[in-house]
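S.K.: Pasting a structure here, questions to come.
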Amino acid sequence: MVGYEVYVRSFADADGDGLGDLAGARTHLPYLADLGVDVVWLTPFYPSPQADHGYDVSDYLDVDPRFGDLAEFDRLLHDAHQLGLRVLIDLVPNHTSDQHPWFVDARSSRDAAHRSFYVWRPPGPDGGPPNNWVSHFGGPAWTYDETTGEYYMHLFLPEQPDLNWSEPRVRAAFEDILASWFARGVDGVRIDVAHTLMEDPSFRDNPELAEPADELLAGVAFDRFDHRYDLDQPGVVEIFHGWRRLADKHDAVLLGEVYLLEADRVARYVAEDALHASFGFVALRVGWDADQICGRLRPFVDSLGESVAWPLSSHDDSRAASRFGGGEVGARRALAYLTLLCGLPGAVFLFQGDELGLDDADLDAEVAQDPVALRIPGATGRDPYRSPMPWARGRHLGFTTGEPWLPLGHNRTPADTVEAQLADPDSHLERTRRLLATRRALPPLTDGSPLEWVLEDGPVIAVERGGEVLVCLHVGDGQGPATLQLPPGCRLAYASDDHVALVDGDLILPEDTAAIVELDPSDEAAQTAFLDEEDRALLDDARAEADAVDDDLAAHDDDPITARRVAP
Ligand code: ISL
């Protein structure tokens with residue numbers, strides 16, 4: 001499937017209050033269906049004080065009046081289904097808002113009915129926080145509660161207290177929440193920080209690392225620790241057993257935001273009695289470098305197969321076009337990279353605006369809205385990824401008739417808009433649409449066909465699917481176009497750039513471009529041209545075995561018992 005993340009507050013504003021809303025999103029569903037999207041993920045629209053822009057939920061079963069109401073949600077869902085789109089909502093089970101009635105009650109006294117819904121600890125020996133855990137958003141993961149004389153835990157803002165998933169009533173409450181949305185007709189949930197629900201019961205200190213865990217996040221306090229005791233704890237996966245039974249009953253999907261970069265750790269969450277799939281966030285953590293792209297993506301392909309969702313960008317991470325260099329080059333690379341992702345097993349997820357080739361918005365520091373920017377000294381925060389969608393020429397590029405909650409960015413121009421790009425067959429938007437259509441038209445790209453890494457040493461990466469389709473990406477080495485000799489009868493099915501060409505069996509691939517090639521289905525030699533000797537021998541054996549079975553069947557044609565051909 002092709003997914004599309006709608007960051008609701010920045011997608012489209014129907015009522016002119018400067019915030020995107022469900023009615024605005026509904027208006028643009030036909031646009032998404034035309035683009036080739038299968039699944040729309042809506043970021044949180046629940047009632048919320050908006051301390052973390054909706055990821056601080058104060059009522060899991062309603063819609064914040066700023067975004068609409070339940071009737072508007074039902075209309076959106078209905079229209080989406082009419083268009084053949086499925087809708088995922090964003091479930092935030094790790095924490096609630098501090099304004100959620102559960103927490104309001106929990107902090108009222110030590111023996112409040114909901115006290116055990118949250119994680120409370122007495123102060124440490126020095127009267128400070130109980131341990132050295134830090135919040136993702138800076139500062140300790142603990143806040144002292146004056147009224148009851150204990151600390152509560154929060155992996156994110158103090159306004160986002162962590163729920164205590166050892167409490168059976170929390171589990172029961174979330175099963176009810178899920179059942180209610182599934183009964184309403186939603187097609188699944190994206191599960192916010194699915195791997196962080198439990199904590200080590202002894203609340204030990206996390207070891208400090210000599211080097212930050214991820215060079216791309218160097219400087220972020222959170223990454224200076226080995227999160228051995230606060231994330232990815234035993235027992236989290238079991239929580240999803242009940243969720244999976246519920247989801248299966250409603251034919252709905254559980255997609256985890258398991259933000260871990262090691263494939264085997266992520267794979268533990270994906271099982272027949274747990275999540276259907278997880279995002280593969282490594283896809284956002286590669287530079288424009290063949291070794292990184294193959295080296296980091298391949299373990300996810302190997303351990304998750306079809307059960308991975310590759311994000312091209314997200315509301316939490318720099319946009320692909322910016323990560324790969326910005327400007328025209330960045331946009332060209334982002335499309336080429338998306339082409340490779342389309343060649344891998346699993347789903348691909350665009351973040352709104354990726355189809356336009358947008359890079360991060362250029363915003364003045366004074367307009368900052370993200371708590372990360374406002375609370376971590378020196379941090380730019382996530383606003384540049386979250387600026388409103390440019391729809392059409394004119395004021396605020398068609399996002400709102402009012403004043404947008406966040407400016408679109410100094411670098412946004414009328415040429416970036418959906419309106420302008422729809423009118424230009426060479427636009428990023430039209431190329432993206434052709435890419436998604438090509439992916440849909442070539443079954444080996446989506447039917448679970450086996451994958452072969454044909455070239456992985458760079459600068460060209462090539463993967464072959466089912467012996468029928470070849471997807472190639474040239475990340476560039478300063479040497480100009482690469483030429484790949486292909487077997488006879490190949491057809492160029494998609495090119496991310498006009499300078500890609502297939503001439504007399506030579507695929508000419510300029511730097512920063514990608515192509516999808518269909519191998520001649522009538523030419524057996526072409527289909528196996530990329531197999532190494534060992535694989536070709538295996539294939540020959542399998543074919544010989546299949547022929548033997550056929551002969552055997554033919555010999556028993558008149559037998560009363562029906563023999564079955566067994567695919568080797
Ligand atoms: O762990 C990370 C990087 O190593 C973080 O990116 C983290 O997993 C991520 O920020 C979690 O994101 C989700 O939960 C947050 C919310 O602010 C984000 O917008 C949401 O996507 C808290 O709910």
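The values are calculated or read from the model by the stated rules, or taken from the named source; none is laboratory data. Computed from a predicted structure; not experimentally measured. For neighbour counting, all protein chains shown are included, and Cβ atoms are generated from backbone atoms with ideal geometry for every residue, glycine included. With ligands, DNA and RNA removed, areas are computed over all heavy atoms of the protein, side chains included. Shrake-Rupley method; radii C 1.70, N 1.55, O 1.52, S 1.80 Å.
S.K.: At a 1.4 Å probe radius, carbon and sulfur cover how many percent of the accessible area of segment 261-364?
M.R.: Here carbon and sulfur together make up 42 percent of the probe-accessible area.
S.K.: Another question, then. Name all residues of segment 72-110 having a backbone nitrogen under 13 Å from the label point set 7 Å from the Cα of D59 along its Cα→Cβ direction, giving them as ranges.
M.R.: Output list for this probe position: 100-102.
S.K.: In addition: Just the number, please: carbon plus sulfur as a percent of the accessible area of segment 101-153, 1.4 Å probe, no ligands or DNA/RNA counted.
M.R.: In segment 101-153, the share of accessible area belonging to carbon and sulfur is 53 percent.
S.K.: Taking +1 at the Cβ of each Lys and Arg and -1 at the Cβ of each Asp and Glu, which of L254, G127, F240 sits farthest along the dipole of the chain towards its positive end, judged by Cα position relative to the Cα centre?
M.R.: G127
S.K.: Quote the FRET efficiency, to the nearest 0.05, computed for T401 versus E545 with a Förster distance R0 of 60 Å and r equal to the Cβ-Cβ distance.
M.R.: On the way: r = 67 Å, r/R0 = 1.12.
E between T401 and E545, to the nearest 0.05, is 0.35.
S.K.: Would you mind telling me the antiparallel percentage of the DSSP bridges in the chain, rounded to 5?
M.R.: If I count the DSSP bridges inside the chain, around 60 percent turn out antiparallel.
S.K.: Taking amide hydrogens as modeled 1.01 Å from N in the peptide plane, which residues meet the under 5 Å criterion relative to W310, leaving out close sequence neighbours?
M.R.: G280, A347, V348, F349
S.K.: For the pair D447/A392, report the inter-label distance in nm, with labels modelled 7 Å from Cα in the Cβ direction.
M.R.: With each label placed 7 Å out from Cα toward Cβ, I get 4.2 nm.
S.K.: Also, I was wondering about something else. Using alpha-carbon pairs under 8 Å, 6+ residues apart, how would you state the relative contact order of segment 244-398 in percent?
M.R.: Once divided by the residue count of segment 244-398, the mean separation gives 17 percent.
S.K.: Please report, in debye to the nearest 20, how large the charge dipole of segment 1-76 is about its Cα centre when each Lys and Arg carries +1 at its beta carbon and each Asp and Glu carries -1 there.
M.R.: Its charge dipole is roughly 180 debye.
S.K.: Ignoring the sites themselves, what is the longest stretch of the chain with no trypsin sites (Lys or Arg not before Pro) in a DSSP loop and at most 15 other beta-carbon atoms within 10 Å?
M.R.: With trypsin sites (Lys or Arg not before Pro) excluded where exposed in loops, the chain gives 394-563 as its longest stretch.
S.K.: Just to be sure I understand the model, the point goes 7 Å from the Cα along the line to the Cβ. What's the resulting Q82 to N411 distance in nm?
M.R.: It works out to 3.9 nm between the two label points.
S.K.: Alpha carbons only, please: Rg and Dmax for the chain, in angstrom.
M.R.: 25.4, 87
S.K.: Here's another thing I want to ask about it. Please list, ordered by chain and number, the residues whose modelled amide H lies under 5 Å from the amide H of R86; skip anything fewer than 5 residues away on the same chain.
M.R.: The answer is V39, V40.
S.K.: A further question follows. Over segment 101-153, calculate the relative contact order: mean separation of alpha carbon pairs under 8 Å at least 6 apart, over the residue count, as a percent.
M.R.: Once divided by the residue count of segment 101-153, the mean separation gives 32 percent.
S.K.: If you don't mind, another one. How large is the charge dipole for segment 101-153, taken about the Cα centre, if only the Cβ atoms of Lys, Arg (+1) and Asp, Glu (-1) carry charge, to the nearest 20 debye?
M.R.: It works out to roughly 120 debye.
S.K.: What ³J(HN,Hα) values, in whole Hz, does the Karplus curve 6.51 cos²θ - 1.76 cosθ + 1.60 give for segment 168-180 when θ = phi - 60°, with x put for Gly and Pro?
M.R.: Listing the rounded values in order: x, 5, 5, 4, 5, 4, 6, 5, 5, 4, 4, 4, 5 Hz.
S.K.: Evaluate the charge dipole of the chain about its Cα centre and quote only its size in Debye, nearest 20, assuming +1 on the Cβ of each Lys and Arg and -1 on the Cβ of each Asp and Glu. Before the final figure, lay out the partial values.
M.R.: On the way: 45 positive and 103 negative charges, 336 e Å.
For this selection, approximately 1620 debye.
S.K.: To the nearest 10 degrees, how steeply does helix 236-249 sit against the main Cα axis of the chain, on a 0 to 90 scale?
M.R.: 70 degrees
S.K.: 5 Å is the cut-off here: which amide hydrogens, built 1.01 Å from N in the peptide plane, fall below it relative to E5, excluding neighbours closer than 5 in sequence?
M.R.: Under 5 Å from the amide H of E5 lie the amide H atoms of W41, L350, F351, Q352, each far enough along the sequence or on another chain.
S.K.: Same structure, new question: Kindly report the accessible area of the chain per residue (heavy atoms of protein chains, probe 1.4 Å, no ligands, DNA or RNA), in Å².
M.R.: Counting only protein heavy atoms, the per-residue value for the chain is 40 Å².
S.K.: I've got another one for you. Of V37, L83, Y7, which is farthest towards the positive pole of the chain's charge dipole, taken about the Cα centre with +1 and -1 on the beta-carbons of Lys, Arg and Asp, Glu respectively?
M.R.: Comparing the listed Cα positions along the dipole, Y7 ranks first.
S.K.: Let me ask something else. What list of ³J(HN,Hα) values in whole Hz, one per residue of segment 365-375 in order, does the Karplus curve 6.51 cos²θ - 1.76 cosθ + 1.60 (θ = phi - 60°) give from phi, with Gly and Pro shown as x?
M.R.: 4, 5, 8, 3, 10, 5, x, 4, 6, 7, 10
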